[in-house]
Amino acid sequence: MRPLLSARPVVLLASLWWALGCDSFVTAPPSDPPPEESCDLADGPFSQARLLTRSEYRRTVHDLLGQTEDPTAPFPHEPEVDGFDNNASAHKANPLLVESFLRAAGAIAQGVKERGLEPLLPCAEEDAVCAELFIEDFGRKAFRRPLVPDEVTAFKTLYSRLQPALGHAEAIVAIVEATLQSPQFLYRVEAPKDQPEYGAVPLGPYEMASRLSYFLWGTMPDEQLLDAAEANLLATPEDVEGQARRLLADQRAHERVLEFHQAWFGLDPLASVARDNSPSGLLDSLDLSMTAFIDGVMWAEGGSISDLFSSPALYVDSVLAPVYDLPVPAAGFERHDLPGERSGILTQPALLTLLANHDQSSPIRRGVFVRDRLLCAPVQAPPPTVDNSPPDPDPTLTTRERFAVHTESPDCANCHMAIDPIGFTFEGFDQLGRARTEEHGLMIDTTGALVDSGDPTIDGPVSGVTELGARLAGSSAVARCVTGKWFTFALGRSRSSADECALAPTYAEIEASGGNMVELLVALTKSPSFRLRSPHPAEAAP
């Protein structure tokens, strides 16, 4: 195995790190949220340096270097905040992650050497002039902006010290490896401190290019976006909208949208669930079925938030079709529309299976999911002294009857009155998401209610999950919750009261579009919270 760059003069990398400005990447804590009546984004949370997540790192090295193998498999997982793994305050460098970056950089650089440097080099000459051209061209892509003179000098120094002993190619490989370890590559920084800043500050063109590309693609800006930044064509909402629509028309946006929904719905544990009497390959097929559903809603003509909760579509392959009593397709996945039975995301088999126990449904998990992920109205976690284990199956009782103990107990009733009536509307589906009308030969009662949902227009009795889906599909509060989830994903932080105020026109624009999912993303990129940031704390106005 080739040794890491540490086998070369380590002092060079250490001096390079500091020459490239490592100390400027120490981030300030977010400021306190402003008063509720404030709409001044200058008082909002400070824009922190954002460390690349595993998925962002993987895609970035692929687009930068053609890396096809996933280098992030040994990386530690990011902490989850608000359901997402890209929170700037929580996702910080730690010794294990730094070591992972070091090893990945060495392995990726070696792979570049083995594949040949020709695709990366702007010239064929093996001299310092060609090396400088490479440094400027490669650095612009890796740092998502042109290099400043001190950065160029630092890389040229590294080349000049290594080239006499190792040769031109090995010195170029060392530059690649050092670049992948530099803070400018690993972090997205949006708060320079070299000039006074007062009030809400527009993002610079290269900062905007990175914010757009990492939001909609989860990777570095392409050449067209960098060229737009260089020409200062990302300064107006109209400029941003044009680039956002271009990025959304690219296949890379599909993968990013799926990543958002995977996190929003909490689907990662699906791969490891165990369900009684399930066929081989079920979990993989369920995952692909969910992917097909999300793609079908998101990218359909006029695909809307309402469709997400009301679409009757179910996608099955040869594994899933027998489970759900549908014809087996000749190949791949086939769409079946089942109105009256299926109601959007609520009745997708992948989600119903995930939100269940191994041998029975789980009204609690399903009710909690709706309140937390879809209504943004979570209930408090139970005290640690409460026994959360589900009641054992009883062939003489339905699940609803067995779970009645929750609302009979004074210690549990307050929370479960808001959870269980939602979960009971799902009882028409078992632990594999199969439709049913009976359990143990007993008729199933799917009546329930929405209580204290945050939207009085949808509160009240509900009969079955199809009606529940219709309620959610028409709720402005749900639309705001969905928009808020996208906001959190886009900015890597929670909304402040200043954001809520500034987003009012964005909510109105999304509503005017009929809740169109693509228009939601475009509207977010044009919003003040996306295009502006608060000033650096050290530059606060007197």
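The values are calculated or read from the model by the stated rules, or taken from the named source; none is laboratory data. Only a predicted model underlies this, so the values are computations on that prediction, with no experimental measurement involved. Virtual Cβ from ideal backbone geometry, glycine too; neighbours counted across all protein chains shown.
Of note:
- Any chance G469 is on the phi > 0 side of the Ramachandran plot, touching a residue at least 40 places away in the same chain (Cβ under 8 Å) and either crowded, with 22+ Cβ neighbours inside 10 Å or of a type in the set (S, T, Y) (or both): no
- Residues of segment 392-406 satisfying the condition of being modelled with pLDDT under 75 and farther than 16 Å from S362 by Cβ: P395
- Test: T72 is assigned to a loop (DSSP other than H, G, I, E, B), surrounded by 15 or more Cβ atoms within 10 Å (Cβ to Cβ) and not assigned by TED's automatic domain parsing to the domain that holds G266: yes
- Look at (1) surrounded by 16 or more Cβ atoms within 10 Å (Cβ to Cβ); (2) modelled with pLDDT under 95; (3) of a type in the set (A, V, I, L, M) and you find that L286 fails only one, number (2).
- Any hit, segment 437-453, residues being surrounded by fewer than 20 Cβ atoms within 10 Å (Cβ to Cβ), touching a Gly at 6+ places or on another chain (Cβ under 9 Å), within 13 Å of A377 (Cα to Cα) and free of Cβ contacts under 8 Å to residues at least 40 places away in the same chain: yes
- Residues being among the β-branched types (V, I, T) and surrounded by 14 or more Cβ atoms within 10 Å (Cβ to Cβ) - total across segment 85-130: 2
- Reported count of residues in segment 325-342, each being under 11 Å from Y315 (Cβ atoms), of a type outside the set (A, V, I, L, M, F, W, C) and over 29 Å from the mean Cα position of the chain (by Cα), is 1.
- Residues located in segment 208-229, provided they are under 13 Å from the mean Cα position of the chain (by Cα) and either over 12 Å from R246 (Cβ atoms) or aromatic (F, W, Y) (or both): Y214, F215, W217, G218, T219
- Condition broken by D387, with the remaining ones in (1) more than 24 Å from N277 (Cα to Cα); (2) charged (D, E, K, R); (3) out of contact with any helix residue (DSSP H, G or I) (no Cβ under 8 Å at 6 or more places or on another chain); (4) modelled with pLDDT of 95 or more satisfied: (4)
- In segment 79-119, residue nearest to R256 (Cα to Cα) [restricted to those that are in a loop (DSSP other than H, G, I, E, B) and charged (D, E, K, R)]: D85
- Residue satisfying condition, being touching a residue at least 12 places away in the same chain (Cβ under 8 Å) and surrounded by fewer than 19 Cβ atoms within 10 Å (Cβ to Cβ), within set P327, P322: P322
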